[in-house]
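Here is the structure we will look at.
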Amino acid sequence: MATFLVAFGTTMSAFWILVLNSWMHTPAGFELRDGVAHATDWWAIIFNPSMPYRLAHMLLASGLTCAFLIAGLSAWRWLRGDQGRDVAIALRLGVTLGAVLIPVQILVGDLHGLNTLEHQPAKVAAMEGNWETRGNVPLVLFAIPNERERRNDYAIEIPNGASLILKHHAEGVVPGLNQFEGKHPPVAPVFYAFRVMVGMGMAMLAISWLGSFYLWRRGTLPKLVMWGLVAMTFSGWIATLAGWYVTEIGRQPWLVTGVLTTAQAASAVPAAMIGTSLAMYLAIYVVLLVAYISVLFHLAGKGNSAVLGPVPAPPPRLQPAE
Amino acid sequence: MALITDNLPLIFAALMAVSILAYVILDGYDLGVGMLMARGNRAERDRMISTIGPFWDANETWLVLGIGLLLVAFPAAHGLILTQLYLPVALMLLGLTLRGVASSSG
């Protein structure tokens with residue numbers, strides 16, 4: 001019951017946070033009077049154009065983060081010799097959940113991308129590293145975006161790939177960064193973060209489907225797959241962070257797309273103070289993160305008795321009556 | 001209805017006051033127990049933690065509600081106050097983070 005309540009509360013929280021954040025990306029249901037936004041239509045504000053896609057994508061990302069965390073920790077315990085029934089159940093749960101969620105996430109990600117193409121084309125141009133508006137845009141697997149010379153260096157590309165994905169047509173015209181001179185995000189961070197996210201997603205697909213196949217056919221996982229799962233323990237976390245970098249950096253220079261730029265909204269707090277508080281936050285969170293991960297793996301390595309305490313001896317059996 | 005819409009600033013100010021009062025009373029208790037913990041032995045500390053047990057986390061949210069109301073109802077004041085008091089507020093937030101960690105680690 002308590003678990004359900006926490007899950008419900010967190011989901012409600014995620015909903016409202018994403019409503020607010022999506023409104024910043026695709027504002028709707030308002031009018032500007034003397035530079036102040038006034039709400040005119042609350043349904044349009046809440047269910048703004050990008051909200052459903054971003055909410056779905058985030059909820060699936062959370063599910064995936066959790067699935068791979070459980071799978072990775074269970075695999076770690078298994079490899080350390082703790083091969084009880086509970087570890088097996090947790091391992092199956094993590095692998096299966098991951099295998100089910102990742103194809104859905106890839107689909108939702110694609111739909112989200114198409115929605116972003118419609119409402120925030122500059123962000124898509126940066127994600128794809130597409131400098132000129134044109135058709136037959138290749139899918140850039142890897143490159144080093146050269147912002148000064150407005151081209152990609154050392155590019156490894158699949159011809160027509162981006163046009164096919166975004167326009168479902170090899171000749172499909174994909175917006176280029178040249179269309180948004182001065183009003184597009186810094187290309188490199190968005191470009192790389194997007195590839196980290198998608199790369200993680202592909203790795204999740206591979207390991208979870210491979211793992212599921214072995215579980216289905218053999219009922220157990222080979223050691224190599226176990227180690228693969230351990231390596232992927234924090235993949236959901238990395239992918240989620242990378243995705244947030246794509247979307248938030250991708251919205252720049254806007255704070256509210258088309259309405260308010262980040263520069264306009266910045267306060268007069270001296271940079272030194274902001275720098276100090278940022279440094280303090282980072283320091284504390286690094287310490288907490290290290291402590292958290294070490295405790296997690298330490299407890300996982302120790303097994304149930306260390307965490308739950310010694311199991312009491314069973315009560316003495318009654319002798320059968322003579 | 002007009003009675004409400006005509007007095008919205010007053011109503012929201014009152015709600016903020018209630019929220020902050022609730023925070024001061026409820027989380028004040030948690031913080032007080034925390035401050036006194038240094039003076040107890042192991043067993044006493046365990047007992048002290050169990051008195052505030054599941055509640056200290058939730059009591060913080062009254063403060064969050066108060067600040068949220070400030071933002072929603074009085075955005076200009078929110079901007080002004082948090083800009084001018086930036087560093088003290090940042091230190092308060094860090095303190096709250098560390099309090100949470102200390103609580104969990106015992």
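The values are calculated or read from the model by the stated rules, or taken from the named source; none is laboratory data. In this text, all values refer to a predicted model and were calculated from it rather than measured experimentally. Methodologically, a virtual Cβ is constructed for each residue, glycine included, from the backbone with ideal geometry; neighbour enumeration extends over all protein chains shown. SASA here: full protein model, heavy atoms, side chains in, ligands and nucleic acids out. Shrake-Rupley method; radii C 1.70, N 1.55, O 1.52, S 1.80 Å.
Laid out as a table, the results:
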{"read-out": "Alpha-carbon gyration tensor eigenvalues x 5, square-rooted, for the range A:22-154, Å", "value": "39, 25, 12"}
{"read-out": "FRET E, pair A:THR133, B:LEU15, Förster distance 56 Å, beta-carbon r, rounded to 0.05", "value": "0.65"}
{"read-out": "Averaged over A:116-122, number of beta-carbon atoms from partner chains that fall within 10 Å", "value": "0"}
{"read-out": "Shielding by partners - mean other protein chain Cβ count within 10 Å, residues of A:96-109", "value": "0"}
{"read-out": "Accessible-area order (highest first, 1.4 angstrom probe) of the listed residues A:THR26, A:THR240", "value": "A:THR240, A:THR26"}
{"read-out": "Nearest-10 value in Å² for the accessible area of A:ASP153, using the 1.4 Å probe", "value": "30"}
{"read-out": "Percent carbon-and-sulfur accessible area, chain A, ignoring ligands, DNA and RNA, probe 1.4 Å", "value": "70"}
{"read-out": "Exposed trypsin sites (Lys or Arg not before Pro) absent - longest run of chain A, DSSP non-H/G/I/E/B, at most 12 other C-beta within 10 Å", "value": "A:149-316"}
{"read-out": "Crossing angle, helix A:2-25 versus chain A [Cα axis fit, 0-90 degrees, rounded to tens]", "value": "10"}
{"read-out": "Acute angle (nearest 10 degrees) that the helix A:85-119 long axis makes with the longest principal axis of chain A, alpha-carbon atoms", "value": "10"}
{"read-out": "Derived scalar couplings ³J(HN,Hα) [the range A:282-292; Karplus, 6.51 cos²θ - 1.76 cosθ + 1.60; whole Hz; x for Gly, Pro]", "value": "4, 4, 5, 5, 5, 4, 5, 4, 4, 4, 4"}
{"read-out": "Other-chain or far-sequence residues with amide H under 5 Å of A:LEU141's (modelled H)", "value": "A:ILE156, A:GLU157, A:ILE158"}
{"read-out": "With Cα atoms, 0 to 90° folded angle of helix B:8-36 axis to chain B main axis", "value": "10"}
{"read-out": "Exposure ranking of A:TRP237, A:TRP131 by accessible area [1.4 Å probe, largest first]", "value": "A:TRP237, A:TRP131"}
